[in-house]
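Notes follow once the structure below has been shown.
Coordinate-derived values only; no laboratory data. Everything numeric here is computed off the predicted structure, so don't read it as measured data. Methodologically, a virtual Cβ is constructed for each residue, glycine included, from the backbone with ideal geometry; neighbour enumeration extends over all protein chains shown.
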Amino acid sequence: MRLLFLTSRLPYPPDRGDRLRTYHLLKQLGREHEITLVSFVNSREEAQMGVKLDAFCREVHLIVRPMARSVSTAISNIWRRQPLQLLYYRSRKMQKLVDRLLAKEKFEAVYVHLFRMAPYVINHRQLYRIVDLTDVISSEIGASLPYRAWASRVLYSHEQMRIAEYERRVVGWAEEAWLISERDKLKLAESCPQANLHRIPNGVDLTRFFPTEHKKPAHNMLFVGHMGVFRNIDAVMYLVYEILPKVRREIPDIQLNIVGAGTSPQIRGLEKHAGVTVLGYVSDLIGQLNQSTVFVAPIRFSAGIQNKVLEAMAAGVAVVTTSNVNEGISAHPGQEILVGDNTKELADCIVRILSDEPFRSRLRLAGRAFVEKRFSWQAAVERMRQIEEGLAQADITRRGP
């Protein structure tokens with residue numbers, strides 16, 4: 001099947017959630033389908049990374065759009081009743097490219113990653129349009145409001161309403177929409193009962209993330225998250241300022257490593273706290289996981305699934321997180337993961353893992369087995385096969401005997 005693939009960010013390197021998902025979908029779907037990728041990049045230097053995707057794609061088309069241009073477009077169109085992130089990616093050049101490709105070639109389907117790219121195919125009803133919302137973003141923004149400063153809260157309150165309205169519109173006209181978690185699928189179904197929604201979870205590369213047998217430092221804790229994302233900034237500040245002091249009272253030699261691209265001076269400043277090291281971006285994440293006794297993700301608001309939690313579980317690291325995160329994963333608290341919803345509960349979970357080696361060992365093994373059983377990229381492959389079969393059958397029916 002010929003498939004047009006639209007992304008707002010180049011799916012390489014797979015160093016953050018959105019790129020990780022699109023990279024692996026390209027990798028898996030490219031084995032069975034002819035894919036033409038169309039994506040924005042911020043610079044000509046970034047565009048050179050497109051060659052990394054040639055192995056999965058028939059063609060790669062990139063539109064260079066500097067961040068300053070996107071910001072300017074969003075500001076100049078702010079009067080429109082559309083989400084800011086939709087306006088941020090508004091581009092006549094992109095629309096012309098998509099229209100030209102669709103006029104030149106016969107694509108059976110188009111995969112659109114995130115609602116921000118949906119306008120480029122809204123009028124192309126000849127296609128089977130798959131919009132991968134990934135998460136219900138409006139829900140995450142709503143949950144984040146109590147943790148934002150006043151000015152940010154006002155801005156994002158308006159953005160949340162616009163996104164919620166647009167999410168409903170998109171799933172109304174798209175032939176189908178994909179979501180990572182069952183929680184988000186059910187949430188969107190409540191407001192859009194007519195929508196064709198499918199849960200397509202993320203997978204984990206089990207050949208890259210796996211347990212090792214070498215001895216880990218006794219009291220090593222790890223936090224991972226892209227530091228350009230508000231939920232990760234909130235979580236790591238919460239961890240260092242509120243949770244860590246309680247853990248340190250029980251385990252004075254606790255060490256915390258903070259890993260993630262986009263590290264700001266604010267995050268770097270956390271190294272003033274005893275036992276805290278800010279590593280920033282690391283090329284060898286599995287190496288950091290294998291040196292950690294406990295992985296902590298005290299994320300207080302989120303949607304979908306946190307890939308970093310799945311990767312830690314796959315690597316055989318005991319995980320402590322919140323109910324909010326676990327709702328997207330559905331692991332069994334106390335068996336495959338530990339869950340806390342306030343400072344004391346999270347600190348107690350961390351102390352228990354660090355202090356009880358037999359329990360930690362059981363949790364590690366159960367976490368790995370859980371990910372092996374539940375999270376695979378194969379779901380996307382199987383769904384695309386079903387779409388291809390359905391389109392082929394519809395074509396036979398139209399032609400008649």
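Can you compute the charge dipole magnitude of region 41-81 about its Cα centre, using +1 on each Lys and Arg Cβ and -1 on each Asp and Glu Cβ, nothing else charged? Give it in debye, rounded to the nearest 20.
300
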message = Can you classify region 64-197 as rounded, prolate or oblate using the Cα gyration tensor, where a ≥ b ≥ c are the square roots of its eigenvalues, rounded means a/c under 1.5, and otherwise it's prolate if a/b beats b/c and oblate if not?
response = oblate
request  = Please identify the longest segment of the chain free of exposed chymotrypsin sites (Phe, Trp or Tyr not before Pro), where exposed means a DSSP state other than H, G, I, E or B and no more than 15 other Cβ atoms within 10 Å.
outcome  = 80-280
remark   = With the charge dipole of region 1-148 built from beta-carbon charges (+1 for Lys and Arg, -1 for Asp and Glu) about the Cα centre, the Cα from ILE75, PRO146, TYR89 projecting farthest to the positive end belongs to ILE75
task = Could you name the lysines whose alpha carbon sits less than 26 Å from that of LYS27, not counting residues in the same chain fewer than 8 places away?
result = LYS52, LYS104, LYS106, LYS185, LYS308, LYS373
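Taking the Cα centre of region 1-154 as origin and charging only Cβ (+1 Lys, Arg; -1 Asp, Glu), how large is the dipole, in debye to the nearest 20?
Magnitude of the dipole: close to 540 debye.
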In region 18-96, GluC sites (Glu not before Pro) in a DSSP loop with at most 16 other beta-carbon atoms within 10 Å = GLU32
inquiry  = Only sites in a loop by DSSP and with at most 16 other Cβ atoms within 10 Å count here; which trypsin sites (Lys or Arg not before Pro) in region 65-128 make the cut?
reply    = ARG80, ARG81, LYS106, ARG125
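Which ordering of THR277, THR343, THR22 is given by a fewest-first count of other beta-carbon atoms within 10 Å?
Listing THR277, THR343, THR22 from fewest to most nearby Cβ atoms yields THR277, THR343, THR22.
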query = Size of the dipole of the chain about the Cα centre, Lys and Arg at +1 and Asp and Glu at -1 on the beta carbon, nothing else charged, in debye to 20?
reply = 1060
note = When the charge dipole of the chain is computed with +1 on Lys and Arg Cβ and -1 on Asp and Glu Cβ about the Cα centre, the Cα farthest towards its positive end, among TYR12, SER361, PRO217, belongs to TYR12
query = Given H placed 1.01 Å from N in the peptide plane, which residues other than close sequence neighbours of VAL41 have an amide H under 5 Å from its amide H?
reply = ILE63, VAL64, ARG65
ask   = Given (i) 72, 59, 41; (ii) 72, 48, 43; (iii) 77, 46, 39, which label gives Cα extents along the principal axes in Å as computed from the coordinates?
value = (ii)
task = Only loop residues by DSSP count here, and only those with at most 15 other Cβ atoms within 10 Å; note down the GluC sites (Glu not before Pro) in region 93-144 that meet that.
result = GLU105
ask   = Under a straight-distance cross-link criterion of Cα-Cα below 14 Å, which aspartates and glutamates are reachable from LYS344, leaving out those fewer than 8 residues away in the same chain?
value = GLU242, GLU250
ask   = How many nm is it between the label spots at GLU250 and SER355, if each spot is 7 Å from the Cα in line with the beta carbon?
value = 0.5
remark   = The rounded separation in angstrom of the Cα centers of region 148-187 and region 269-332 is 25
key: Label-point separation in nm, LYS106 to GLU271, each point 7 Å along Cα→Cβ   = 6.0
request  = Relative to the longest principal axis of the C-alpha atoms of the chain, give the angle of the C-alpha long axis of helix 150-173, reported between 0 and 90° and rounded to the nearest 10°.
outcome  = 40
query = Which shape class, rounded, prolate or oblate, goes with region 220-374 when its Cα gyration tensor gives a ≥ b ≥ c as root eigenvalues, a/c under 1.5 marks rounded, and past that a/b bigger than b/c marks prolate?
reply = rounded
request  = Please name whichever of ILE329, GLN386, LEU285 sits farthest to the positive end of the charge dipole of the chain, dipole taken about the Cα centre and charges placed at Cβ: Lys and Arg +1, Asp and Glu -1.
outcome  = GLN386
